[in-house]
Structures are given as structure tokens and as C-alpha cells.
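Trainee: Quick one: the structure is below, questions incoming.
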Amino acid sequence: MLDAVVDGDNSDVAHMARSSFTSEFHFSRQVSRSTGEPPAAIRRRVMLERAAWRLQHGDGVAVVAAEEGWSSPEVFSRAFRRSYGVPPSRACDVEFRLAAPNGLHFHPPQSLWVDSANRVDGASPPDVSHLMLAHDVADTAHLIGTAGELTEDQWAEPVSPGQVILDWDGEEPSVGAVLDAIVWAKEVWLASIEGRDQPDRPRLRPAARLADDHAAVAARWTAMVSRHAEQGRLGDTVIDALCDPPESFQLYGIVAHVLTFSAHRRELARAMLARHGVLAGRGDPLDWMRRT
């Protein structure tokens, strides 16, 4: 609907509605309800913001007035002065953004921008680290589930013989080995953080068991990160005596390490699954956000 509002070919609400395959009444009601602003008002403000930006970048008043939909330069100049308090010739003296009840603005050169602090639904975007944690868990679960389509032989088949991601983890030549290593990394690091004994690494787990183990460790992992973040303790240091010699790791460094190599392994697993004829999508957080 917002595409229709700012489409240069839609000169009024009737045109906007037709291009969205809906009635004018329904279109106006939905846009107003979703944005807190009638579609005509949004279009007028966004066009004025774009006009101001173009003037600031050297376009002439007559050209901008004609191309942004005003009937004449005089009508455009009056509208500009009412909104900005200065004539178009002084566009460089003002910020091109106008006050908006929904934080919706023109964004150069041809896009829209919505300020998160002004979202009509009151929601705020997640912290990027929380987003990456959630996506890592969801994408790993997706890959393990997708790999469940493989036969037992395909799960363990060394399609990438000699493949080593981290020296201390050994070879990961199969889809199962790579996905198992993602889960194992969280299990090992959680043991260090929670003060547990170093777990014994299991043999290659079948997909069904790995899915269950992943669900369990993912819940503990995300809870641990969230708890320490809320307490302001992600800068705490673990001195791991299980290493020889002992090593020091700050919690936020551990989280970054786990996420980095999990992402690497997930993409390897995708490529390896494709060699078995199984497609698992791109693993793009943007795609995941759209679906969820």
C-alpha cells in the first residue's frame, strides 16, 4: 500500500486504490489505520520531502514542481513555504524531513524510511545480537530438520573428506558431522560457563537425536546469554582450567566465537546438502525475519 501511495503514476487516492486492487474506501481506511495518517497526507509530505532533497542537490524549482506533481511552480512554492517556513530557494537552510506522526519519511534517492521510535504498533526492533542468537538457533534447527530427509548413509557420507573447521574439533567430512559440531560447540562452552565437567563428545548422532539435543542446548544457551546481558555481565571472564595451559575468555567473545563458526558451518552444511540434492534455502536473516 505504501508503494501505491508514493508511486509517481498515482495522482490521487483513487489511483492508489486501483493499483492495489482494492476499493478507495478500504485503501484509505487500511493506510490510515496502519500509519495513523491518511494516504493523501502521506503522499503530499513524502513528495515535499523528496522535493526539498532534490532542491538541496541542485535541481531547479520548476523542474521539481513539475516532476513531483504540482500544477505549477507557484502552487509548489506556496506548499513548500507552508511546510518548511522558507521559500524553495532556501531549501538548503532546512532539514528535508518534516514532522510525521508515524516516523515515515522519504529516504534518498527513491525509498522510504520508518523511524523505529515512532512505530504505530509500539513495537521496537530487536537488538542485533539477540536477533543473531535467535536466527542461529532457528536456522540450525531448520538445517537439522531438512537434513532429516537424508538416508543414514547420506547423513554420514564423507562428501568433504579432510574438512577441518577448527583444529581441536577434528574432521567434519559429512553433513551430520558439521551439524553435530554446531550443537557440540554450545554444549562445550556452556559446560565451561556453567561450571560443569567437560562433557564427553558423543559419536556422530543421528538426525532425530541431534534435533532433540539441539533443542535442549539452544534453550540453555539463549537463556544464559539473555541472563548475563540483563545483568550487565557479558564482560565477565571465564578462566578455563580445562585448557592446557589455562586460557581466559570473556563471555561476549565466547558468544561471538560460537556465532561466527556456527554461521560458517551452517553455510557449509547447505552446500553439502545441495550435493545430496537437498536444498535448504539461503539462511538469510532477512528472509527469516519476513517469515516470522
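The values are calculated or read from the model by the stated rules, or taken from the named source; none is laboratory data. In this text the structure is predicted, and so the values were computed from the model without any measurement. Positions of Cβ are generated from backbone atoms using ideal geometry, with glycine treated the same way; all protein chains shown enter the neighbour counts.
Trainee: Can you tell me which residues in region 207-226 are among the small types (Gly, Ala, Ser) and closer than 16 Å to residue 185 by Cβ?
Mentor: 215, 216, 218, 219
Trainee: Hey, any hits in region 188-198 for a residue that's modelled with pLDDT of 95 or more, among the hydrophobic types (A, V, I, L, M, F, W, C) and out of contact with any Phe, Trp or Tyr (no Cβ under 9 Å at 6 or more places or on another chain)?
Mentor: no
Listed here are the residues, each with its yes/no results for (1) among the hydrophobic types (A, V, I, L, M, F, W, C); (2) within 30 Å of residue 230 (Cβ to Cβ); (3) at pLDDT 90 or above.
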{"residue": "52", "(1), (2), (3)": "yes, no, yes"}
{"residue": "74", "(1), (2), (3)": "no, no, yes"}
{"residue": "85", "(1), (2), (3)": "no, no, yes"}
{"residue": "90", "(1), (2), (3)": "no, no, yes"}
{"residue": "118", "(1), (2), (3)": "no, yes, no"}
{"residue": "144", "(1), (2), (3)": "yes, yes, yes"}
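For every residue, the table says whether it meets (1) surrounded by fewer than 20 Cβ atoms within 10 Å (Cβ to Cβ); (2) in contact with a Cys (Cβ under 9 Å, 6 or more places away or on another chain); (3) more than 18 Å from residue 9 (Cα to Cα).
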| residue | (1), (2), (3) |
| --- | --- |
| 19 | yes, no, no |
| 26 | yes, no, yes |
| 43 | no, no, no |
| 77 | yes, no, yes |
| 91 | no, no, yes |
| 108 | yes, no, yes |
| 111 | yes, no, no |
| 115 | yes, no, yes |
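Trainee: Out of all the residues in region 244-258, is one or more touching an Asp or Glu at 6+ places or on another chain (Cβ under 7 Å), closer than 14 Å to residue 142 by Cβ, assigned by TED's automatic domain parsing to the domain that holds residue 183 and not polar (S, T, N, Q)?
Mentor: no
Trainee: Just a yes or no: is a residue in region 168-177 in contact with an Asp or Glu (Cβ under 8 Å, 6 or more places away or on another chain) and at pLDDT below 95?
Mentor: No, because not a single residue in region 168-177 is in contact with an Asp or Glu (Cβ under 8 Å, 6 or more places away or on another chain) and at pLDDT below 95.
Trainee: Would you check if there is a residue in region 31-42 being over 34 Å from the mean Cα position of the chain (by Cα) and touching a residue at least 12 places away in the same chain (Cβ under 8 Å)?
Mentor: no
Here's the yes/no breakdown for (1) within 18 Å of residue 131 (Cα to Cα); (2) buried (at least 16 other Cβ atoms within 10 Å of the Cβ); (3) among the β-branched types (Val, Ile, Thr):
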{"residue": "231", "(1), (2), (3)": "no, no, no"}
{"residue": "245", "(1), (2), (3)": "no, no, no"}
{"residue": "266", "(1), (2), (3)": "yes, yes, no"}
{"residue": "284", "(1), (2), (3)": "yes, no, no"}
{"residue": "291", "(1), (2), (3)": "yes, no, no"}
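Trainee: Among the residues of region 2-21, is any under 20 Å from residue 107 (Cβ atoms), among the small types (Gly, Ala, Ser) and over 31 Å from the mean Cα position of the chain (by Cα)?
Mentor: No, every residue in region 2-21 fails to be under 20 Å from residue 107 (Cβ atoms), among the small types (Gly, Ala, Ser) and over 31 Å from the mean Cα position of the chain (by Cα).
Trainee: Please pick out the residue among 20, 34 that is among the polar types (S, T, N, Q), touching a helix residue (DSSP H, G or I) at 6+ places or on another chain (Cβ under 7 Å) and not assigned by TED's automatic domain parsing to the domain that holds residue 286.
Mentor: When all the criteria are applied, what remains is 20.
Trainee: Looking only at residues that are among the aliphatic types (A, V, I, L, M) and exposed (fewer than 15 other Cβ atoms within 10 Å of the Cβ) in region 160-172, which one is nearest to the chain's Cα centre (by Cα)?
Mentor: Step by step, filter region 160-172, then rank; the result is 166.
Trainee: Being in the same structural domain as residue 273 (by TED's automatic domain parsing), over 27 Å from residue 131 (Cα atoms) and among the acidic types (Asp, Glu): is that true of residue 197 here?
Mentor: yes
Trainee: While we're on this one: Among the numbered conditions (1) of a type in the set (Asp, Glu); (2) part of a helix (DSSP H, G or I); (3) out of contact with any strand residue (DSSP E or B) (no Cβ under 9 Å at 6 or more places or on another chain), tell me where residue 49 comes up short.
Mentor: Of (1) of a type in the set (Asp, Glu); (2) part of a helix (DSSP H, G or I); (3) out of contact with any strand residue (DSSP E or B) (no Cβ under 9 Å at 6 or more places or on another chain), only one is false for residue 49: (3).
Trainee: Another one. Answer yes if at least one residue in region 176-186 is touching a residue at least 60 places away in the same chain (Cβ under 8 Å) and under 20 Å from residue 238 (Cα atoms), and no otherwise.
Mentor: Yes, because at least one residue in region 176-186 is touching a residue at least 60 places away in the same chain (Cβ under 8 Å) and under 20 Å from residue 238 (Cα atoms).
Trainee: Could you please give the count of residues in region 61-72 that are surrounded by 17 or more Cβ atoms within 10 Å (Cβ to Cβ) and either over 39 Å from the mean Cα position of the chain (by Cα) or in a helix (DSSP H, G or I) (or both)?
Mentor: Of the residues in region 61-72, 3 are surrounded by 17 or more Cβ atoms within 10 Å (Cβ to Cβ) and either over 39 Å from the mean Cα position of the chain (by Cα) or in a helix (DSSP H, G or I) (or both).
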